[in-house]
Structure formats: structure tokens, C-alpha cells
Amino acid sequence: MKRIISATITGGYRHEHVSGPALMFRKSSAPAVPIVDYLESDPFIVRYVDGTYSYNCYHIPTNLEAGEYPRERIETWDWTGVPLNRESMHKAGDRKTIQYRAFETIRDDFDLIFNDDGSGEAADLVCLKEVDEKTILLCLVHCKGAHEGRVSADIRNFYTVCGQAQKSIAVKHGGVQTLYHDLKRRHELWAREGATRFLKGDMKTLSYFKEKARRAKLDFEVILVQPGASAQTVSRDALKLLATTELFLSKTTEASFRFVASP
């Protein structure tokens, strides 16, 4: 499929099928429609490192003026014994993974840590903490394996994990009540096979946070974990992407932001 942009086309653009099977899109119980028609009303949105974005024939020059993420704020963790391209611990609880090392590192910082890895995830790790009587902290940890399994300055190490972070706004805006039902459903699917998604805490703990969220303030934090990047060699383009991501999260959810890499 390709998108054609031209002033001679009604509306300024159209999508055309190029090769392969003709894709259809079905939303809920509505009839399936050709994907080229569906994109007229719900287009792909492309976000760029400078904070601008485009869809259909439009480019939105949103100037976030984010600058560069301060290199000194990059956190470095010990990745000894962890293959840098082995991302997920899965049901088996593989300890030689980026996800498990992230869990080990933050284990004492939260009251509940949930392995939400998989299709439809809120994050690789969903963490909750009772800050005080009136405040809950929700932290989403996104982990990504290193491109080619090694430390490099390749900006491809940043695009996916920053995109995941920007999608995190839906979790914050959905609230703890919605999150509770999503996590409960996903845990029950694993429980049928004798596995658990709870790395710390349990359903009782999750239920406690659901009830407390009805009367408590919700603070929000996003942590990106990418050991394929080095704090010493991160490029300026990558620092701009991190800064744009942090500013986007701050403006849309008032989130605090952390980035973790290799030394």
C-alpha cells in the first residue's frame, strides 16, 4: 500500500493497494471495510524526532522545543550475564533477560510489580506503590533489546521504545480502574496454565490499589530500559528523541521520565 499526495486529488491524498492480499479492517461489530477506505477516517500518524508529526497529506509543525536530554541523567545498570538481545522473561521466568534484570533492580521500589509483557501490554512491567495516604505511584517500565545484540550508537535502539512510551498516555488516561480489569484478565489467562504474572504482590494487592485509586491522587512515571545504548556514546539525535519523548509525556500526563542504558 502507498499513499499518494497531490493537489489534483480530492482531499489532497489517497491510498492505493500495491501488492499482496487486499487488507480489510473491522472495528467491533461493524462491517469490514477495505483498509484504504478506513485510513480516510483513522489515518496512520507518523511522529518525528523533532516533535512534529504527519498524517494523510498533512504535516503538523508542532515545535516542542525539547532540546536534548541531559546525558548526565541517563541511568546505567549492570547487565553482566544478560544477552543484550534477550528481552522478555516469558512464562518460564527466564532470569537472563533484560526484563528480569529490570525487575531485580526496581524490586524494592514498589509494592506491586506485574509482568505485562505480550500483545496488548500496558508495559513490560507495571508497577504500583503507595506513596502516602493520599497518593499512588503508577510506573510503566518499557524494555527493549539491543539492535544486533550489542552496545552501539544506533538510533534504531530508541525508536521503538520511545514509541511505546508515548503510547503510555492511554494507560494513564484510562485510570487504575481500567488497568485493574486489564491486568486481572491477563493474569487469569496465564493462571490457567499454572503461571503467574505477579512478580511482586498478588490479586489482593492489585485490588487494594484499585479501591484506593478512587480517592487518591495518581502520580505517573515512565522508565525506558535500553541496554543497547551507552551513556557515553548516545548520539545527539537520540538525545533529542529522548527529550521530545519526555516533554510529550510531561505535557500529556505530567509524567516523570527515566532512561536506563549501559555504562
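The values are calculated or read from the model by the stated rules, or taken from the named source; none is laboratory data. For clarity, every value in this text was computed on a predicted model and none was experimentally measured. Cβ placement follows ideal geometry from the backbone for every residue including glycine, while neighbour counts extend to all protein chains displayed. Ligands, DNA and RNA are stripped out before the accessible areas are found, and what is left, the full protein with its side chains, is counted by its heavy atoms. Shrake-Rupley method; radii C 1.70, N 1.55, O 1.52, S 1.80 Å.
Structure summary
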{"quantity": "Region 234-252 - residue that is polar (S, T, N, Q) and surrounded by 18 or more Cβ atoms within 10 Å (Cβ to Cβ) and, of those, nearest to A123 (Cα to Cα)", "calculated": "T245"}
{"quantity": "Among residues of region 210-233, those that are in contact with a strand residue (DSSP E or B) (Cβ under 7 Å, 6 or more places away or on another chain) and either surrounded by fewer than 23 Cβ atoms within 10 Å (Cβ to Cβ) or among the aliphatic types (A, V, I, L, M) (or both), counted", "calculated": "15"}
{"quantity": "Failed item in (1) under 30 Å from L241 (Cα atoms); (2) free of Cβ contacts under 8 Å to residues at least 12 places away in the same chain; (3) open to solvent by 50 Å² or more (accessible area, probe 1.4 Å); (4) not β-branched (V, I, T), with S54 passing the rest", "calculated": "(3)"}
{"quantity": "So D132, is it open to solvent by less than 40 Å² (accessible area, probe 1.4 Å) and not polar (S, T, N, Q)", "calculated": "no"}
{"quantity": "Qualifying positions in region 13-26 - outside any loop (DSSP other than H, G, I, E, B) and of a type outside the set (K, R)", "calculated": "Y13, H15, E16, M24, F25"}
{"quantity": "Test: residue in region 146-153 that is open to solvent by 20 Å² or more (accessible area, probe 1.4 Å), modelled with pLDDT under 95, closer than 27 Å to Y69 by Cα and touching a helix residue (DSSP H, G or I) at 6+ places or on another chain (Cβ under 8 Å)", "calculated": "yes"}
{"quantity": "Which numbered condition V222 misses (of (1) modelled with pLDDT of 95 or more; (2) over 13 Å from the mean Cα position of the chain (by Cα); (3) aliphatic (A, V, I, L, M))", "calculated": "(2)"}
{"quantity": "Contacts under 7 angstrom Cβ, first residue in region 98-112 being within 10 Å of L199 (Cα to Cα), partner among the basic types (K, R), 6 or more apart", "calculated": "R107/K200; L112/K200"}
{"quantity": "Region 27-47, residues that are at pLDDT 85 or above and either open to solvent by 90 Å² or more (accessible area, probe 1.4 Å) or in a strand (DSSP E or B) (or both)", "calculated": "P31, V33, P34"}
{"quantity": "Lone unmet requirement of (1) surrounded by fewer than 20 Cβ atoms within 10 Å (Cβ to Cβ); (2) at pLDDT below 95 for V171", "calculated": "(1)"}
{"quantity": "One residue from H90, H59 being of a type outside the set (D, E), open to solvent by 60 Å² or more (accessible area, probe 1.4 Å) and over 22 Å from D237 (Cα atoms)", "calculated": "H90"}
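Residues checked against (1) closer than 29 Å to L247 by Cβ; (2) in contact with a Cys (Cβ under 9 Å, 6 or more places away or on another chain); (3) aliphatic (A, V, I, L, M); (4) open to solvent by 70 Å² or more (accessible area, probe 1.4 Å):
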{"residue": "R71", "(1), (2), (3), (4)": "yes, no, no, yes"}
{"residue": "T80", "(1), (2), (3), (4)": "no, no, no, yes"}
{"residue": "N85", "(1), (2), (3), (4)": "no, no, no, yes"}
{"residue": "D94", "(1), (2), (3), (4)": "no, no, no, no"}
{"residue": "A102", "(1), (2), (3), (4)": "yes, yes, yes, no"}
{"residue": "D116", "(1), (2), (3), (4)": "yes, no, no, no"}
{"residue": "A122", "(1), (2), (3), (4)": "yes, no, yes, no"}
